[in-house]
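The values are calculated or read from the model by the stated rules, or taken from the named source; none is laboratory data. All figures in this text were calculated on a predicted structure; none of them were measured in a lab. FYI the Cβ positions are ideal-geometry reconstructions off the backbone, even for glycines, and counts take in every protein chain you see. Accessible surface areas use protein heavy atoms only, side chains included; no ligands, DNA or RNA. Shrake-Rupley method; radii C 1.70, N 1.55, O 1.52, S 1.80 Å.
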Amino acid sequence: QVQLVESGGGLVQAGGSHRLSCAASGIDFKIDAMGWYRRAPGKERELVAHIFSGGATSFADSVRGRFTISGDNAKNTVDLQMNSLKPEDTGVYYCIMRRGLTTYWGQGTQVTVSS
């Protein structure tokens, strides 16, 4: 059974930095992509960042230049480094790992950015 567990959520001041980590267990196949989504209060869940098995990355316009993503395919871990945080970055952050059409989700971790 595949399980993804996020860690690192918490309360951060605006302008600060914070790092989220995600580790997967139960994966014995190649992952095509890893990433992070978030759900802000009252909003739909949105993509934050992806990293693909070849190393290419993509970011939401709202976080590009402030967030970086790194992944380790051998360990099935993915991290999200968040810099210059803004109150609008507040939300529940979900880790994902994808193989083909199947996406595995973590349970989410809360990040709150105070102004």
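The GNM of the chain, with springs linking C-alpha atoms under 10 angstrom apart, assigns the highest mean-square fluctuation among SER84, SER21, SER70 to SER84.
Multiplying the residue separation of SER17 and GLN110 by 0.36 nm and removing their Cα-Cα distance gives an extension gain of 32.0 nm. Per residue, the solvent-accessible area of segment 1-92 (1.4 Å probe, heavy atoms of protein chains only, all protein chains present) comes to 52 Å². Ignoring aspartates and glutamates fewer than eight residues from LYS43 along the same chain, the ones with Cα atoms less than 18 angstrom from its Cα are ASP61, GLU88, ASP89. In a simple Cβ point-charge model (Lys, Arg +1; Asp, Glu -1; nothing else charged), the chain has a dipole of about 40 debye relative to its Cα centre. Its Cα centre serving as origin, segment 56-115 has a Cβ charge dipole (Lys and Arg +1, Asp and Glu -1) of approximately 160 debye. In this label model, SER62 and THR102 are separated by 3.1 nm, measuring between points 7 Å along each Cα→Cβ vector. Whenever you get a sec, compute what percent of the accessible area on the chain sits on carbon and sulfur atoms (1.4 Å probe). That share works out to 49 percent.
Label sites at ARG39 and PHE52, each approximated as a point 7 angstrom past Cα along Cα to Cβ, lie 2.8 nm apart. Taking amide H as placed 1.01 Å from N in the peptide plane, THR90 has its amide H under 5 Å from the amide H of VAL113, each at least 5 places away in sequence or on another chain.
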